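**Student:** A single structure is presented below for examination.
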Amino acid sequence: MKKQISIVWFKRDLRLRDHAPLKQAIESQTPLVLLYCFEPDLIKNPHYDIRHWRFVWESLADMQVLLSKFNQNLEIVHAPFTKVLSKLNEAYGIKAIYSHEETGLQVTYNIDKWVNRFCQEHRIDWHETPNNGVVRGLKNRQSWVDNWYKSMQEDIQTPDLSRLKTIKTDKSTFTSFANSIPPVFQERNEYFQPGGATYANKYLKSFLNERVARYNSSISKPEASRTGCSRISPYLAWGNISLKEVYQARMAAKKAEQNLRNLAAFGSRLQWHDHFVQKFESEDRYEFENINRGYNQLNRTHSPTLFEAWKNGRTGIPMVDACMRCLHKTGYINFRMRSMLVSFLTHHLWQHWKEGAVYLASQFLDFVPGIHYTQFQMQAGTTGINTIRIYNPIKQGQDHDPDGVFIKKWLPELANIPAQYIHEPWNIPPIEAQLLGISPSVLKPLVDIKQAAEHARKALWKHKKSDLVKKEGQKILAKHTLPNRKMQ
Ligand SMILES: Cc1cc2nc3c(=O)[nH]c(=O)nc-3n(C[C@H](O)[C@H](O)[C@H](O)COP(=O)(O)OP(=O)(O)OC[C@H]3O[C@@H](n4cnc5c(N)ncnc54)[C@H](O)[C@@H]3O)c2cc1C
């Protein structure tokens, strides 16, 4: 008779605290395999980049430190979960799989569907726990907010690690198909936030104890937001900390009765997190299609040259290029600047959102499919229910980086430009440019901002009035909008 085991399948929930599936698995008293698979299909998927796998590696290492204190083991395999599961099923009798529900891309949904079939065929119980406050199979949002608050106030699910009994699988079990973990995943890159629950808690603590005082005043600024915002997003994205833990820490901080406005603004955003993921959970087609099908008839152009210039931070518009290059190097920029990058690509350059969405996903360390696709389309103006915003990148620079400190940090070629010209360097008199040793070629913008915005404005507004966009808009409002229409 084969030895009976159960599996805890870690995905984007790389923590050992507030982990209901792990808690349930321990309580089942079956010997456990705690398993993380570096999925080859995800690694080669263009939404992902080495930055993500490094963060995952660091998160796993952090978990291992804690597990080793209890003499317990985490299996990390570079192979498809489907193959690992089949192999484990040959060697053991698998009683159950414990995991969180994942609201992911098509690629992870396909894996889940395969696992579901496998479990049915082999009579394995797959216990899936909802992730944060996101509800599977939801028909409308009538009671969503109330339920969200309830789920945030529930007890933290702390697994009793002293009762955990993991087995070590035979090292040779997976050798026929698994690859070693690429050394590049194991290299630290100092420009990125380090992964792991330990860092998640450090960031949260330093935010709630000190940095929160600067939250509202720095949220729109590309430089100040780097320390004035919580920077908790990659930890939530990869599940180093649960939304409930963050929510409850914020509630505890409120008791000090300081920074209440800042804490309120932060709290709203925690709810936005799940609000947007919920939309994607209910309609995963947003990865491929316009949210509002009425926009299928809006023709945007496709220019590889314009796209490459945007992607490489070589548009000649200082604020756009600085944000993009900062993102390449650090994996983070703030909300407003993300919106501006999307607006510039889809409105000023008049390119479709699809390719850009995939590219920015690969650059955001905190990439969350549900937030990313819904936000991207909102900024691209394809929802038909939100106000269309065409961000003027020159004005964004003047308002949020008036002296060009951020721009100069990321665009060394503009270091000598006087502050008065930093947002529109093409206006610098040629004689002055020559004296400063600046080549006119670096000062040429890719498009005329005013004309490009005008073209986009006319096309978008005309389209927004079409019957199909309006009809689709009604459907979207009925399905995704909260009763008070506070969040769309
Ligand atoms: C085009 C575009 C794509 C985006 N893609 C992502 C993404 O893939 N992953 C992601 O986490 N955020 C995404 N955002 C939302 C937002 O920019 C980031 O959550 C935020 O900048 C992260 O920084 P922070 O942790 O310091 O946020 P804080 O301002 O400190 O907010 C706390 C938390 O609230 C949540 N949050 C904040 N703003 C939003 C928002 N607008 N929508 C939903 N949740 C929010 C995040 O989980 C964040 O960590 C995107 C925004 C845009 C415009």
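The values are calculated or read from the model by the stated rules, or taken from the named source; none is laboratory data. The shown structure was predicted, so the numbers you read here are calculated from the model rather than taken from an experiment. Cβ atoms come from the backbone with ideal geometry, glycine included; neighbour counts cover every protein chain shown.
**Student:** Can you pull out the residues in the range 140-166 that are modelled with pLDDT of 95 or more and within 26 Å of VAL77 (Cα to Cα)?
**Tutor:** Scanning the range 140-166 gives PRO159, ASP160, LEU161, SER162, ARG163, LEU164, LYS165, THR166.
Each row is one residue, and each column tells you yes or no for (1) out of contact with any strand residue (DSSP E or B) (no Cβ under 6 Å at 6 or more places or on another chain); (2) more than 20 Å from GLY228 (Cβ to Cβ); (3) surrounded by fewer than 22 Cβ atoms within 10 Å (Cβ to Cβ).
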site: ARG325; (1), (2), (3): yes, yes, yes
site: SER339; (1), (2), (3): yes, no, yes
site: SER343; (1), (2), (3): yes, yes, no
site: TYR359; (1), (2), (3): yes, yes, yes
site: PHE364; (1), (2), (3): yes, no, no
site: HIS372; (1), (2), (3): yes, yes, no
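**Student:** Here's a follow-up. All but one of (1) touching a residue at least 60 places away in the same chain (Cβ under 8 Å); (2) of a type in the set (S, T, N, Q); (3) within 28 Å of ILE219 (Cα to Cα) hold for SER466; which doesn't?
**Tutor:** Of the numbered conditions (1) touching a residue at least 60 places away in the same chain (Cβ under 8 Å); (2) of a type in the set (S, T, N, Q); (3) within 28 Å of ILE219 (Cα to Cα), the odd one out for SER466 is (3).
**Student:** Return the only residue of GLN375, GLN379 being at pLDDT 95 or above, of a type outside the set (Val, Ile, Thr), within 13 Å of the ligand (Cβ to nearest atom) and within 15 Å of the chain's Cα centre (by Cα). Reasoning before the result, please.
**Tutor:** Numbers: GLN379 fails: within 15 Å of the chain's Cα centre (by Cα).
Result of the check over GLN375, GLN379: GLN375.
**Student:** Return yes when ARG300 is surrounded by fewer than 23 Cβ atoms within 10 Å (Cβ to Cβ), more than 24 Å from ASN392 (Cβ to Cβ) and modelled with pLDDT under 95 and no when it is not. Working first, answer last.
**Tutor:** On the way: surrounded by fewer than 23 Cβ atoms within 10 Å (Cβ to Cβ): yes; more than 24 Å from ASN392 (Cβ to Cβ): no; modelled with pLDDT under 95: yes.
When the stated conditions are applied, ARG300 does not pass them.
**Student:** Then there's this: Anything in the range 205-259 that is over 24 Å from ARG15 (Cα atoms), among the basic types (Lys, Arg) and away from the ligand (no atom under 13 Å from the Cβ)? List them, or say none.
**Tutor:** Passing the criteria: LYS254, LYS255.
**Student:** Turning to a different aspect of this structure: Scan the range 272-288 residue by residue and report those that are surrounded by 20 or more Cβ atoms within 10 Å (Cβ to Cβ) and either over 30 Å from GLU355 (Cβ atoms) or within 12 Å of the ligand (Cβ to nearest atom) (or both). Talk me through it step by step, then tell me what you get.
**Tutor:** Residues of the range 272-288 surrounded by 20 or more Cβ atoms within 10 Å (Cβ to Cβ): 273-282, 286-287.
Within the range 272-288, HIS273, ASP274, HIS275, PHE276, VAL277, GLN278, LYS279, PHE280 qualify.
**Student:** Need at least 2 residues that are in contact (Cβ under 8 Å) with a residue 40 or more places away in the chain and crowded, with 20+ Cβ neighbours inside 10 Å per element, so show me which helices (runs of 4 or more DSSP H) inside the range 384-448 make the cut, counting only ones lying wholly within it. Steps first, please.
**Tutor:** Details: elements: 393-400, 405-410, 430-435.
Correct list: 393-400, 405-410.
**Student:** Only residues that are of a type in the set (A, V, I, L, M) and not in a helix (DSSP H, G or I): list them for the range 70-123, please.
**Tutor:** So the first thing to find is which residues in the range 70-123 are of a type in the set (A, V, I, L, M), and the list is 74, 76-77, 79, 84-85, 88, 91, 94, 96-97, 105, 107, 111, 115.
Selection gives LEU74, ILE76, VAL77, ALA79, ILE94, ALA96, ILE97, LEU105.
**Student:** For MET319, indicate whether it is in contact with a Pro (Cβ under 9 Å, 6 or more places away or on another chain), more than 12 Å from the ligand (Cβ to nearest atom) and not β-branched (Val, Ile, Thr). Spell out the reasoning first.
**Tutor:** On the way: in contact with a Pro (Cβ under 9 Å, 6 or more places away or on another chain): yes; more than 12 Å from the ligand (Cβ to nearest atom): yes; not β-branched (Val, Ile, Thr): yes.
Judged against the criteria, MET319 is a match.
**Student:** Taking the stated definitions as given, is TYR332 within 16 Å of the chain's Cα centre (by Cα), buried (at least 20 other Cβ atoms within 10 Å of the Cβ), modelled with pLDDT under 95 and not polar (S, T, N, Q)? Please lay out each step first, then the result.
**Tutor:** Values: within 16 Å of the chain's Cα centre (by Cα): yes; buried (at least 20 other Cβ atoms within 10 Å of the Cβ): yes; modelled with pLDDT under 95: no; not polar (S, T, N, Q): yes.
Taking the combined requirement at face value, the residue does not satisfy it.
**Student:** Looking at (1) touching a Pro at 6+ places or on another chain (Cβ under 9 Å); (2) closer than 29 Å to ASP467 by Cβ, which one does LEU349 not meet, given that it meets all the others?
**Tutor:** Checking LEU349 against (1) touching a Pro at 6+ places or on another chain (Cβ under 9 Å); (2) closer than 29 Å to ASP467 by Cβ, the one that fails is (1).
**Student:** Turning to a different aspect of this structure: Please specify each residue of the range 341-372 satisfying the condition of being assigned to a helix (DSSP H, G or I), hydrophobic (A, V, I, L, M, F, W, C) and within 6 Å of the ligand (Cβ to nearest atom). Even if it seems obvious, please write down each step before you answer.
**Tutor:** If we filter the range 341-372 for residues that are assigned to a helix (DSSP H, G or I), which is where we start, we get 341-348, 353-363, 369-372.
Subsequent filtering for residues that are hydrophobic (A, V, I, L, M, F, W, C) retains 341-342, 344-345, 353, 357-358, 360-361, 371.
Within the range 341-372, VAL342, ILE371 meet the criteria.
**Student:** Does ALA309 satisfy the criteria of being surrounded by 18 or more Cβ atoms within 10 Å (Cβ to Cβ), among the small types (Gly, Ala, Ser) and out of contact with any Ser or Thr (no Cβ under 7 Å at 6 or more places or on another chain)? If you could, list the steps in order and put the result at the bottom.
**Tutor:** Working: surrounded by 18 or more Cβ atoms within 10 Å (Cβ to Cβ): yes; among the small types (Gly, Ala, Ser): yes; out of contact with any Ser or Thr (no Cβ under 7 Å at 6 or more places or on another chain): no.
In short, no.
**Student:** For residues that are at positive phi and within 13 Å of the ligand (Cβ to nearest atom), tally how many sit in the range 190-204. Before the answer, list the steps.
**Tutor:** So the first thing to find is which residues in the range 190-204 are at positive phi, and the list is 196.
Now restrict to residues that are within 13 Å of the ligand (Cβ to nearest atom): none.
Counting residues in the range 190-204 that are at positive phi and within 13 Å of the ligand (Cβ to nearest atom) gives 0.
**Student:** So PRO159 clears everything in (1) within 26 Å of the chain's Cα centre (by Cα); (2) touching a residue at least 24 places away in the same chain (Cβ under 8 Å) except one condition, right? Which one?
**Tutor:** (1)
**Student:** Separate question: Out of ARG17, ARG12, which single residue is among the basic types (Lys, Arg), in contact with a Pro (Cβ under 9 Å, 6 or more places away or on another chain) and outside any strand (DSSP E or B)? Break it down stepwise before answering.
**Tutor:** Details: ARG12 fails: in contact with a Pro (Cβ under 9 Å, 6 or more places away or on another chain).
Only one candidate qualifies: ARG17.
**Student:** Would you mind finding the one in VAL33, VAL84 that is touching a Ser or Thr at 6+ places or on another chain (Cβ under 8 Å) and buried (at least 20 other Cβ atoms within 10 Å of the Cβ)? If you could, list the steps in order and put the result at the bottom.
**Tutor:** Details: VAL84 fails: touching a Ser or Thr at 6+ places or on another chain (Cβ under 8 Å).
Matching residue, one of VAL33, VAL84: VAL33.
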